[in-house]
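Novice: Supplied in structure tokens, the structure appears directly below.
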Amino acid sequence: MYSGSRFNTTQPIPAALAAQALAAAGGAWVIAQAAFTADALADRLGTLIAAPEALARAAAAALALGRPDAARALADLVIATMRGSNGAATSPLRENAA
């Protein structure tokens, strides 16, 4: 968790949580930062290159977990929120621009 100008390493940061969730679903492999070395990466890549079926399973798991329409859904939510319940713009940015 972020605290001031330093990270508290006892709490995972959001990207790490996302990576852990993806790995738990079978769509990724996590290497802890402390263990992330050129040799560790080369070993992992060598293993994966030799096992295309594992890569195919991981790709399917990641696709099942993903939201390909996430950006559009977020944009739609932002626009709907700005319009409010009556369809009129409610953004302070728009009101101040007039």
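Novice: So E53 clears everything in (1) touching a helix residue (DSSP H, G or I) at 6+ places or on another chain (Cβ under 8 Å); (2) loosely packed, with under 10 Cβ neighbours inside 10 Å; (3) farther than 24 Å from I13 by Cα except one condition, right? Which one?
Specialist: Going through the list (1) touching a helix residue (DSSP H, G or I) at 6+ places or on another chain (Cβ under 8 Å); (2) loosely packed, with under 10 Cβ neighbours inside 10 Å; (3) farther than 24 Å from I13 by Cα, E53 breaks only (1).
Novice: In addition: Got a sec? Which of R57, R44, R67 is in a loop (DSSP other than H, G, I, E, B) and either among the hydrophobic types (A, V, I, L, M, F, W, C) or closer than 19 Å to A23 by Cβ (or both)?
Specialist: R67
Novice: Could you list all residues from segment 1-40 that are modelled with pLDDT under 75, over 14 Å from the mean Cα position of the chain (by Cα) and part of a loop (DSSP other than H, G, I, E, B)?
Specialist: Once the filter is applied, which keeps residues that are modelled with pLDDT under 75, over 14 Å from the mean Cα position of the chain (by Cα) and part of a loop (DSSP other than H, G, I, E, B), segment 1-40 yields M1, G4, S5, N8, T9, T10, Q11.
Novice: Inside segment 36-66, can you point out the residues that are of a type outside the set (A, V, I, L, M, F, W, C) and closer than 22 Å to A25 by Cβ?
Specialist: Of everything in segment 36-66, those that are of a type outside the set (A, V, I, L, M, F, W, C) and closer than 22 Å to A25 by Cβ turn out to be R44, T47, P52, E53, R57, G66.
The values are calculated or read from the model by the stated rules, or taken from the named source; none is laboratory data. Since the model is a prediction, treat every value here as computed from it, not as a measurement. Heads up, the Cβs are rebuilt from the backbone with ideal geometry, glycines too, and the neighbour counts pull from every protein chain shown.
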